[in-house]
Structure formats: C-alpha cells, structure tokens
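The values are calculated or read from the model by the stated rules, or taken from the named source; none is laboratory data. None of these values were measured; they are calculated from a predicted model. Here the Cβ positions follow ideal geometry from the backbone for every residue, glycine too, while neighbour counts run over all protein chains shown.
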Amino acid sequence: MKAAVLVLLQGALVPIDADAFVEFASIPAPVGREARLLEAIRARLPDWAEARVDAAGNLHVEVGPGERPGELVLAPLGDPALRVASIDPGGYLRVKHAERRGAFLRLAWVEGRPVTVVGEKAEIEGVALVNSIHLRGRRPETVGEDRIWIDVGAASADDARERGIREGDRIAPDPRVSRLAGDACAGWFVGRRACAFGLLEALRGLDPSRLAQRRALVWTVEGGERAIDHRRFTRMATVDAAASSDPVVRAPAQSEHAAGQITLRALRLGGPTETVALADLAVLAGVVREFLETGEW
C-alpha cells in the first residue's frame, strides 16, 4: 500500500459471534490450500447470495439488482507456509518455502512447533523437530530449509505416503486460535482470516432489499486475483490485515479505478503470532456493510 493518510473509520457495528470466529479462524489455510476455508465461507453464506467458484479457485458472490456489478470488494486468503519437498527414508518430511506474495515464514519460527500437513484430501498433524545442540554440535546461526524436519509419526517414506502425504502438500503452522481476556483472539497470521470473516459477516448483515446496485465480493486464493477481470468494475476495495497502531483504518483511493483499502489491525506479539480485537472486527464488518449498501467510501 502506498503512503497515505490513514483515517479512523466510524460506523454501525456488525455483531461478531466469537465462537464462530474462533472456529472459522482455526481452519488451516496455507497458500495453495485455501479450499477448506472457502468451503466454510460458502457454508455460512445467506441463502439469497449467489455464489460461484472460478477456474482459479476464487469464491465470487454477487448481490443486489442488475446484471453487472459496479463495485468489487476483495478479501485475499492464504497464510505463509512450507511445502513438502521430499520424504526421507525414515518418514520425515523435508521442506521448501511455499511462495506467497508479501509474506514470508521464518523457519526459526517453526522449530518445535505443531504443524498441519494440508494435502488435497487429508490433513495430518505433525511437529517440526528442534535443531539439537547436544546431538549435532553448535546450533546454526541461520536455520535454512535443510535444517527443518517434520515428524508426522511415520516409520518410513511408504508409511507417510500411505497416510496420504504427497510432495507439494502444504505445511501450515499450528492454526489454532486462542481467546484471550477481554475480546481479543490470538493465533498465527490470524489477521487475514479475520478480514475474510469480517467480509462474510458484512454480507450476512446485509438487507438485500436495501441494495440499489449490484456489487461483487470475492475471496481470492493466492495468485487468483490475476483471474479477475478488473475492467468489469468501476471501483474496487481490498479488505486485508496489517500491523497498525489504529483499530480499523482506511487508505484513500490510489487511482480513479480503486476505492481504496480497509485495513484491520493485527497486533504482532512476536514472530507470526497476531492478536485481533473482536471490537475492531465488528467495526470493519460494519464499514464494509455500509460500503456494500451505499457505495460510499
């Protein structure tokens, strides 16, 4: 996002069901394996919403009268992750980075942590081993891909494959989200999933009879935005998370075509762990709902 004056937003709140959010945000959504989270979004859509999935895997919903939407609201999905590069004879998984634009998973964050191997058909729990200074000498100054072993309890490479693991499967950090005191929730990279939930709750809070124009909402998978024909829309807004000192902020439009960006604060506690206040999420959902209803930014 280009440098811009950030303006605190005020507006009607959309109530947030804390239990539903924690359940939703605890679904692993590593880059390239966002399908399960998209299924959860689709299952929570109101009956009147028209939904479809495009060839890239993006979930589209159009609301309001007319045939062609004027405004587009995007919520990107996909957390930084690793991928299974190979399976060694002992059943341990060796890793490479799974690319995601604008984010990077530091390997030192993964050591000793629970992980979830997300394949096309199965999710398997595992843990990343710690580089022991007792068995292998001095700890490396830099933890590279060659220093990461993922243990899923398999006795051999064949055993790992029988459990459904394949090269290319994604390895997501522990996706569980915790409720903290007050209204805060914490988890690895939880901010982006909070924004996806906020857009969903804004849609659920809409009164379709109040919509004067047709609008489009899209939850995008990694790389999926390239499949969207932006020329179909007069304006576009993106809902995403970033470290910020303000709860919910708006960046003014950067071009005539764009409406701007709504940013939800995801306070970084250390490493990849983020906290999100449900009150901030309620504001974000309210702002998005107002934009969908009125088109005003």
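A few notes on this one:
- VAL73 meets the conditions (1) in the same structural domain as GLY164 (by TED's automatic domain parsing); (2) surrounded by 22 or more Cβ atoms within 10 Å (Cβ to Cβ) in every case but one. The failed one is (1).
- Residue check for LEU82: within 23 Å of ALA20 (Cα to Cα) and surrounded by 18 or more Cβ atoms within 10 Å (Cβ to Cβ): no
- ARG83 meets all of the listed conditions (1) modelled with pLDDT of 85 or more; (2) in contact with a Leu (Cβ under 8 Å, 6 or more places away or on another chain) but one, namely (2).
- Those residues of the stretch 153-184 which are aliphatic (A, V, I, L, M) and surrounded by fewer than 18 Cβ atoms within 10 Å (Cβ to Cβ), in sequence order: ALA155, ALA157, LEU180, ALA181, ALA184
- Criterion: among the small types (Gly, Ala, Ser), within 19 Å of the chain's Cα centre (by Cα), assigned to a helix (DSSP H, G or I) and surrounded by fewer than 19 Cβ atoms within 10 Å (Cβ to Cβ) - qualifying residue of ALA56, ALA43: ALA43
- Segments classed as strands (runs of 3 or more DSSP E), wholly inside the stretch 185-283, with at least 1 members that are modelled with pLDDT of 85 or more, of a type in the set (A, V, I, L, M) and buried (at least 21 other Cβ atoms within 10 Å of the Cβ): 215-220, 235-242, 273-277
- Taken over the stretch 15-40, the residue count meeting the criterion of being β-branched (Val, Ile, Thr) and either at pLDDT below 90 or over 23 Å from ARG289 (Cα atoms) (or both) is 2.
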